[in-house]
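Take a look at the structure below.
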Amino acid sequence: MLTTCPACADPIGGGDDYCENCGLRLTPVPTEDPGGGRDRVEAALGPLAGVSDIGLRHRRNEDAMALLTPGARSPALVGVVCDGVSSAPRSDDAALVAAETGAAETARALREGAPAGEAAAAGMTRAAGAVAALADASGAPACTYVAACMPEGGGPVTVAWIGDSRAYWIPGAGAPGPARLLTRDDSWSAAMVEGGVLSEEEAENSLYAHAITAWLGADSGEVEGHVSTVALQGPGAVVLCTDGLWNYAPAAEDLAALLPGAERDPAAAARAAVEAALEAGGSDNVTVVVMAV
């Protein structure tokens, strides 16, 4: 039984469903529903929106997302996307606790005056601890993690990640520069390409193309995540997504085509991207969060 919140360490009562300090969900989603009540989740919070969908071939949604906009709980826009590792037990629980813990801790650190990079790193670290705490006799739940935060009113965007969930920059009409990938996958294929062993095409066609080399979980070992702060010239949007989307459009310019008008209507863009993934086959859970800049 939890005695302190895994996100903010505030004392909690035995029967609490949510932390009264930061709002983190403390009780798991009921397991009687194979989809965990998360077959389709949509959130639209003005400049920040997201959609998470079970896809067409899975019995449950092992992705999760968390969104915070400026207000009592957060001084900034904060978005987190996590993808449960399907070979690990309770991967849906891992993704959910990581997303909600990471967002809550990032916001807490920002409220206390931490620089964005430190706050994003703190969110990822706290999320890692929360996922590790789920380990039991059945094994160690695990997930990937990608997060972005941006000050209210705009400014540099800070991205934190581990695994192969991605962040992209999608410029809007009139913005300088092309669409680009803001993260670097922790994966076997990425390592082979970076090492000059395989071409991108060869790596993508390998049996090990989607084998990740870093994740959140009790069995992850001593792995450090990545944090990067980038100055982006808008209008445009930062897009966080799982491989359920980018598998169908890994190149930044191709993914941008799936999110029309993302800077103007993040909710519509997120829905359009998810529908594109479903129309392309929906072979995996798919989650997209769009942050307008």
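I'd like to check something: does region 127-134 contain any residue that is buried (at least 24 other Cβ atoms within 10 Å of the Cβ) and farther than 26 Å from residue 244 by Cβ?
Taking every residue of region 127-134 in turn, none turns out to be buried (at least 24 other Cβ atoms within 10 Å of the Cβ) and farther than 26 Å from residue 244 by Cβ.
So, in region 106-118, exactly how many residues are part of a helix (DSSP H, G or I) and open to solvent by 10 Å² or more (accessible area, probe 1.4 Å)? Walk me through how you get there before you give the answer.
Filtering region 106-118 down to residues part of a helix (DSSP H, G or I) leaves 106-111, 116-118.
Then keep just the ones that are open to solvent by 10 Å² or more (accessible area, probe 1.4 Å); that gives 108, 110-111, 116-118.
Total meeting the criteria: 6.
For residue 131, work out the one condition from (1) over 25 Å from residue 66 (Cα atoms); (2) at pLDDT 90 or above it doesn't fulfil.
(1)
Give region 140-189 a look and list any residue that's at pLDDT below 95, outside any loop (DSSP other than H, G, I, E, B) and over 21 Å from residue 103 (Cβ atoms), or say none.
Those that are at pLDDT below 95, outside any loop (DSSP other than H, G, I, E, B) and over 21 Å from residue 103 (Cβ atoms): 187, 188, 189.
Is there any pair with a first residue in region 269-293 that is touching a residue at least 60 places away in the same chain (Cβ under 8 Å) and closer than 10 Å to residue 244 by Cα and a second that is acidic (Asp, Glu) and open to solvent by less than 10 Å² (accessible area, probe 1.4 Å) whose Cβ atoms are under 8 Å apart and which are 6 or more apart or on different chains, and what are they?
Going by the 8 Å Cβ cut-off, the qualifying pairs are 285/63; 286/63; 287/63.
Among strands (runs of 3 or more DSSP E) lying entirely in region 11-85, which contain 2 or more residues that are crowded, with 24+ Cβ neighbours inside 10 Å and modelled with pLDDT of 90 or more? Spell out how you get there, then give the answer.
On the way: elements: 40-45, 48-53, 63-68, 76-83.
Fully inside region 11-85 and qualifying: 48-53, 63-68, 76-83.
So which residues in region 131-163 are of a type in the set (A, V, I, L, M, F, W, C) and in contact with a Gly (Cβ under 7 Å, 6 or more places away or on another chain), if there are any at all? Spell out how you get there, then give the answer.
Step one: filter region 131-163 for residues of a type in the set (A, V, I, L, M, F, W, C), giving 131-135, 137, 140, 142-143, 146-150, 157, 159-162.
131, 132, 140, 142, 143, 147, 148, 160, 161, 162, listed by residue number.
The values are calculated or read from the model by the stated rules, or taken from the named source; none is laboratory data. What you see is a predicted model; the values in this text were computed from it and never measured. Positions of Cβ are backbone-derived with ideal geometry, glycine not excepted, and every protein chain shown enters the neighbour counts. Accessible surface is based on the protein model in full, side chains and every heavy atom, while ligands, DNA and RNA are left aside. Shrake-Rupley method; radii C 1.70, N 1.55, O 1.52, S 1.80 Å.
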